[in-house]
Amino acid sequence: MASAPRELRNPLADVDYGAVGDVWNGFAGAPPFGDLKPVKKFTDRKTEVTRIWKAIQALTPTPVPEAAPIVPQTTPSSRIYAPCVFH
């Protein structure tokens, strides 16, 4: 998995612009890519990689805040009482 836009350049180097445009257009308008517009073809590889990288970032899950730890509540019925011993 690519961790930066520059890492997408090599895998896309041998792919023609039309094929990458077809993939892009498959994303355009589909959730969560509702704001992407279809293209006929990208003008250059840098633009292509930059736009695809930005779109991929929409797929990155948002970290969920950690929940507070659950502390069991003590109720009178949940307390353990030791038996009284009388001498």
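Across the stretch 6-59, Cα-Cα pairs farther apart than 13 Å form 56% of the total.
Amide hydrogen proximity for Val39: with H placed 1.01 Å from N in the peptide plane, the residues at 5 or more positions away or on another chain lying under 5 Å are Asn25. Measuring nothing but how far apart in sequence close Cα pairs (under 8 Å, 6+ apart) lie, relative to its length, the stretch 6-59 scores a relative contact order of 38 percent. Placing a pseudo-label 7 Å from each Cα along the Cα-to-Cβ vector at Asn25 and Arg45 gives an inter-label distance of 2.3 nm. Going from the residue with the fewest nearby Cβ atoms within 10 Å to the one with the most, Trp53, Trp24 rank Trp53, Trp24.
By count of other Cβ within 10 Å, fewest leading, how are Ile52, Ile70 ordered?
Ranked by crowding around the Cβ, least crowded first: Ile70, Ile52.
Throughout, read-outs are computed from the coordinates displayed, never taken from laboratory work. Keep in mind it's a predicted model, so treat the numbers as computed, not measured. So basically every Cβ, Gly included, is an ideal-geometry build from the backbone, and we count neighbours across all protein chains shown.
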